[in-house]
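Report on the structure given below.
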Amino acid sequence: MKLGFSAADEEFRAECADWLQSQMAGEFRDIKGITQLTAMPERRREWEQQLGEHRWGCIGWPTQWGGRDASLAQQVIFAEEYARAGVPGRINHIGVELAGPTILTFGTDEQKRRFLPDIAAGRTIFCQGFSEPNAGSDLGSVRTKGRLEGGEWIVDGQKIWTSLAHISDWIFVVTRTQEGSQGPKGLTFLMMPLDQPGIEVRPIRQINGDAEFNETFFTEARCPADSLIGAPGDGWKIAMGLLAFERGVSTLGQQMGFRNELDEIIAAAKVTGKDRDPVIRQRIASAEIGLRLMRYGALRMLSNSDHSSIDGAALTYKIQWASWRRRLGELAMDVLGQAGEVAAGDAYEWDVLPNLFLFSRADTIYGGTNQIQRNLIAERGLGLPREPRG
């Protein structure tokens with residue numbers, strides 16, 4: 001795919017860059033450069049609402065739902081300029097990039113009216129309820145159960161790695177609603193409010209000192225009968241469509257964040273003198289090449305407008321960027337040396353590059369481990385025989 005930028009697109013780039021940079025230099029300068037997702041949650045929620053007020057929150061959505069009907073090129077431009085301006089990660093990225101597009105594609109008109117305006121306006125924050133203690137990368141092993149009773153869905157079970165659940169308003173949950181079903185069959189996709197007695201969220205402390213993800217317990221948790229997306233048993237199909245959205249335009253913004261991290265490493269190498277080390281120089285060059293290849297791959301992914309399935313480019317992207325960024329974290333620590341192993345002050349808080357190293361250890365696990373990704377590439381991308389199950 002060749003994604004060119006017209007003169008109008010470049011005018012749009014200047015418009016969104018000016019707005020973002022003015023916000024980071026003005027009213028929201030206190031959140032610029034934040035790397036931990038749990039830092040300053042109330043200010044981050046205010047930032048989501050600021051984006052929504054100026055229709056920057058979901059620019060690719062239709063205008064009737066709070067978007068700008070932005071073209072693919074404009075969405076790419078905004079994602080890049082967002083990261084370039086040093087704006088912190090979106091605390092509602094699950095709602096904007098996953099829940100919202102899923103509702104747009106699979107939801108009813110009533111569900112669109114109910115959820116989309118508040119997501120776009122930053123008033124409703126979503127989190128994701130897929131993984132479980134015994135069903136991490138293998139969604140077909142979900143054991144959380146749901147039953148329809150008295151006009152409500154009642155859910156019992158446990159989810160884990162529910163990122164930002166402790167500051168979210170709603171969660172979408174894949175639950176097993178057909179008794180005795182196994183694998184992808186019998187799963188249903190539900191939208192559930194988190195603020196209810198039947199849901200308990202427990203933060204999990206990570207090695208970088210943050211606690212962005214949680215374990216979430218459901219005990220007779222409830223949601224209205226019309227809160228399901230699609231029909232009972234459609235959970236697998238909808239979840240696969242959602243994962244296709246996950247490999248979308250946001251990948252270009254993610255890569256701009258990677259660009260910032262690599263530039264930090266290069267600057268640090270000049271300070272520590274490691275820029276004169278031929279091995280370090282070679283590893284920096286390799287990182288640069290890898291980053292450019294990921295950009296080309298992401299543009300190729302975006303050429304797939306049919307989100308009903310994950311194409312070959314999307315199957316390879318997760319393992320590509322996760323492995324690359326884990327190596328980038330190791331490079332960062334080798335450039336910093338022993339100074340990178342000590343956190344300043346009493347609080348267990350890290351600067352950008354040590355935090356990169358610590359957090360990137362999880363990159364090859366969450367969202368599908370590298371091992372599972374290789375199975376997906378083999379079975380779905382290359383059509384090889386399925387690995388024996390059970």
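The values are calculated or read from the model by the stated rules, or taken from the named source; none is laboratory data. Only a predicted model underlies this, so the values are computations on that prediction, with no experimental measurement involved. Neighbour counts run over all protein chains shown; Cβ positions are idealised from the backbone, glycine included. Remember, those area values only see protein heavy atoms, side chains included, never the ligands or the DNA or RNA. Shrake-Rupley method; radii C 1.70, N 1.55, O 1.52, S 1.80 Å.
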Original post:
By average Cβ neighbour count within 10 Å, what is the ranking of 267-276, 187-196 from highest down?
Top reply: 187-196, 267-276
Original post:
Rg to Rh for region 46-134: what is it, with Cα atoms only and Rh by Kirkwood?
Top reply: 0.99
Original post:
If you line up the long axis of helix 109-120 against the longest principal axis of the chain, both from Cα atoms, how many degrees apart are they, to the nearest 10?
Top reply: 30 degrees
**OP:** Using only Cα atoms, find the angle between the long axis of helix 278-302 and the longest principal axis of the chain, and express it within 0 to 90 degrees, rounded to the nearest 10.
**Re:** 40 degrees
**OP:** Report the full-extension gain for the segment GLU341 to ASP226: residue separation times 0.36 nm, less the Cα-Cα distance, to one decimal in nm.
**Re:** 36.3 nm
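In nm, what is the difference between 0.36 nm times the number of residues separating VAL352 and GLU288 and their Cα-Cα distance?
Numbers: separation 64, 0.36 × 64 = 23.04 nm, distance 1.85 nm.
Between VAL352 and GLU288, full extension yields an extra 21.2 nm.
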Original post:
Taking the Cα centre of each part, how many Å lie between region 41-57 and region 146-224?
Top reply: 26 Å
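Below 8 Å between Cα atoms, with a sequence gap of 6+, how large is the relative contact order for the chain in percent?
Numbers: 653 pairs, mean separation 54.0, N = 390.
Taking the mean separation of contacting Cα pairs over the length of the chain, I get 14 percent.
Can you tell me the length gained on complete extension of the stretch LYS145 to ASP9, counting 0.36 nm per residue apart and subtracting the Cα distance? Mind showing how you got there, number by number?
On the way: separation 136, 0.36 × 136 = 48.96 nm, distance 4.76 nm.
So the chain would gain 44.2 nm between LYS145 and ASP9.
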Subject >> Cα→Cβ-extended label distance, 7 Å offset, between ARG202 and ASP109, nm >> reply: 4.5 nm
**OP:** Estimate the FRET efficiency between LYS185 and GLU330 by the formula 1/(1 + (r/R0)^6), using the beta-carbon distance for r and 45 Å for R0, to the nearest 0.05.
**Re:** 0.65
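Of the heavy-atom accessible surface of the chain (probe 1.4 angstrom), what whole percent is carbon and sulfur?
Carbon with sulfur: 51 percent of the solvent-accessible area.
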Original post:
To one decimal place, what orientation-averaged projected area in nm² is obtained for the convex hull of the Cα set of region 9-49?
Top reply: 3.3 nm²
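Calculate, for region 84-219, the solvent-accessible area per residue in square angstrom, rolling a 1.4 angstrom probe over the heavy atoms of the protein chains.
Result: 40 Å² of accessible area for each residue.
Using the Kirkwood radius over C-alpha pairs as Rh, can you work out the diffusion coefficient of the chain via Stokes-Einstein at 25 °C, viscosity 0.890 mPa s, in µm² per second? Present the calculation step by step, with values, prior to reporting the outcome.
Details: Rh = 22.0 Å.
Stokes-Einstein gives a translational diffusion coefficient of 111 µm²/s.
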Original post:
Along the Cα-to-Cβ line of LYS32, 7 Å from the Cα, sits a label point; which residues in region 85-124 have backbone N less than 14 Å from it?
Top reply: 85-88
**OP:** Quick one: check the C-alpha center-to-center distance for region 74-138 versus region 364-381, whole angstrom.
**Re:** 23 Å
Original post:
Label points 7 Å out from Cα along the Cβ direction at ALA211 and LEU382: separation in nm?
Top reply: 4.3 nm
Subject >> Spin-label zone in region 113-127 - amide nitrogen under 14 Å from a point set 7 Å from the Cα of ASP195 along the C-beta vector >> reply: 123-126
Original post:
Taking N as the number of residues in region 71-198, what value does Rg over Cα atoms divided by 2.2 N^0.38 Å take?
Top reply: 1.17
